[in-house]
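Participant: Here it is: the structure, laid out below.
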Amino acid sequence: MVKSLPATPGTNFPQLPLTVAHAACEPATSLLSRLAARNGAISMQRFCGDIAFPIDPLFRGEKVAIEQLAQLAGCDVGALVRVSIRHLGKGHFRLREEFASLQSFQRTRIRVCPECIRSEMPSAAEPWRVPRRLQWKFSSIRSCSEHGSMLECLPSERFNKDARDFAAQLQKHYGWIMDQPEVQAPPSPFEAYLTNRIMSGRGDRWIDRLELNVASRACEVLGLRIAKGPDAALAGHSEPDWMNYGALGYDILKDGPDALSDCLSAMARVDGVDGRFFGRLFGPWMAWLKGRSLGDEFEPLRDVVRRHVFDNFSVRKGVLVLGVPSEGIASSNPQTSLSLKGFAKRNAEDLLCRGLATRDAGGGIVPLNFVTQEMLDAYEREKKFFRAGKNSHEKAKPSAYGADNVRASGQSGLSVGDAARQLKVTVKTVGYLIQHGMLCGVDTSELYRRGATVVTADSLTQFQKSFISLGELAEITQRPQGAFSMKLRNANVTLLAMPHDLSRIYWREDVNVDLTTEK
């Protein structure tokens, strides 16, 4: 029993002769709700008004209010504080040393285990017998560890204040709860981990050093990517599905950052998956990590993913990867699943000169990690195209690709910078096209500064008849280059085979009207 309280004018409770025992897993709001039901109040709000108890500070998890409740209920203050959640404002919460976000909780709906209610609440008149489990409030815990069954959401209420009153909700929906069938859902190691962490605190592993909301959601989203592939959406999945995804992700993340990096590497080795672009490869995993709603507590996880991207993908200098710009250093890891065959193998030395291949430790030539079989096919197509074009020029008229012929015919020329502006590419790209015979560049040292090169107007015209750059396409369609590049990639439009840090160029015949039309 607790000490008698002084009578308040108009109160039905001059003193509190009836109390309830505080359960080890029960937060303060549930204890107050059961205390109100035990003393016959129609609601927790009415009960608190009658005894002049400050209910809003208790909902915010303020320590003074929890201490007052502990005194009222006659329970240990430390035990009550340990399982009570404090609202920090702006969607942030704290449970002891754990940090959580709004998405971590079911705040407007009460979830219960029907089997627990059946075994602990003999009738609708005794809702005060069932304490609300703290773990039932967490979104990532979807089953009851005691009965191995799915938690069920009680019917929604019009007002949030009504949804907070746990005992009143049990009494109101008692018949509905009794009618719910038992849905078997054995608790996974993931949910067992979360329950143990919520009730007992953190451990010493890497996953324990992540904040609670980071660890729980990371397991689910990583599991979604593993189960459903790179094209999976973050929404539209059932509760049993999320249980399965959480278990899959936890099986990886429990072993630390190296296991996560190995998992990301394995995604690129799956047959039929485009492993060149990390954003598309990681799909929902990368989309989630890029979300603006994620705070600084996600940075340790982002850092692991970011380092994996920088070490294993060729990312252009300055491109942001989870908020950090790339240094533009191409990954040197060879793509072991791709070997040179046929035309590519016969021209391996040229691939090496073109910056599309490198020598391995044994002296053999292997393609770089951003080179795909489609790119090698594009290389073969390009070589045959320019070879055929050169032969046809030789039959009809002097070659447009020979410097001596250019000087003899007095063709006009453009500077490398002017050619780059006309093609809407970088100067570095024009230099590459000249070096490998796709544009004709003439040394004009005798007319201009030493080492100056000009591009012949004829070769530029011939090139533009067959090829078009991403910059030109973006200007024609009035769309951002990044968005249009994604559309072309999704349509499997093959790039001209060039290193990753050069401008993107396509065959005109491959870019049809549908792709250049805004939809």
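Participant: Taking a 1.4 Å probe, which of LYS137, LYS424, LYS384, LYS345 shows the most accessible area, and what order do the others take after it?
Facilitator: Solvent-accessible surface, decreasing: LYS345, LYS384, LYS424, LYS137.
Participant: Before I look further, what does the stretch 32-166 give for accessible area per residue, probe 1.4 Å, in whole square angstrom? Please list the in-between numbers first.
Facilitator: Values: 5840 Å² over 135 residues.
Solvent-accessible surface per residue comes out at 43 Å².
Participant: Another question, if that's okay. With every protein chain present, what accessible area does LYS465 have (1.4 Å probe, heavy atoms only), rounded to the nearest 10 Å²?
Facilitator: Surface accessible to solvent at LYS465 totals approximately 130 Å².
Participant: Mind checking which aspartates and glutamates have their C-alpha under 16 Å from LYS254, skipping anything on the same chain fewer than 8 residues away?
Facilitator: Leaving aside aspartates and glutamates fewer than 8 places away in the same chain, those within reach of LYS254 are GLU191, ASP204, ASP208, GLU211, GLU220, ASP262.
Participant: Quick check for me: using +1 on Lys/Arg Cβ and -1 on Asp/Glu Cβ, what's the dipole size of the stretch 105-194 about its Cα centre, in debye to the nearest 20?
Facilitator: 440 debye
Participant: In terms of solvent-accessible area of protein heavy atoms at a 1.4 angstrom probe, what is the ranking of ILE252, ILE505, highest value first? Don't skip to the end; give the middle numbers.
Facilitator: Values: ILE252 40, ILE505 5 Å².
Order by accessible area, largest first: ILE252, ILE505.
Participant: Determine, from the Cβ-Cβ distance of GLU182 and CYS353 and an R0 of 60 Å, the FRET efficiency 1/(1 + (r/R0)^6), rounded to the nearest 0.05.
Facilitator: Calculated transfer efficiency: 0.30.
Participant: How would THR426, THR372 line up by accessible area, probe 1.4 Å, largest first?
Facilitator: So the residues, ranked largest to smallest area, are THR426, THR372.
Participant: Another one. Grab the other residues whose beta carbon is less than 13 angstrom from that of ARG46, score K and R as +1, D and E as -1, and report the net.
Facilitator: Summing Lys and Arg as +1 and Asp and Glu as -1 gives -2.
The values are calculated or read from the model by the stated rules, or taken from the named source; none is laboratory data. In this text, all values refer to a predicted model and were calculated from it rather than measured experimentally. So basically every Cβ, Gly included, is an ideal-geometry build from the backbone, and we count neighbours across all protein chains shown. To get the accessible areas, we keep the full protein, side chains included, count just its heavy atoms, and leave off ligands, DNA and RNA. Shrake-Rupley method; radii C 1.70, N 1.55, O 1.52, S 1.80 Å.
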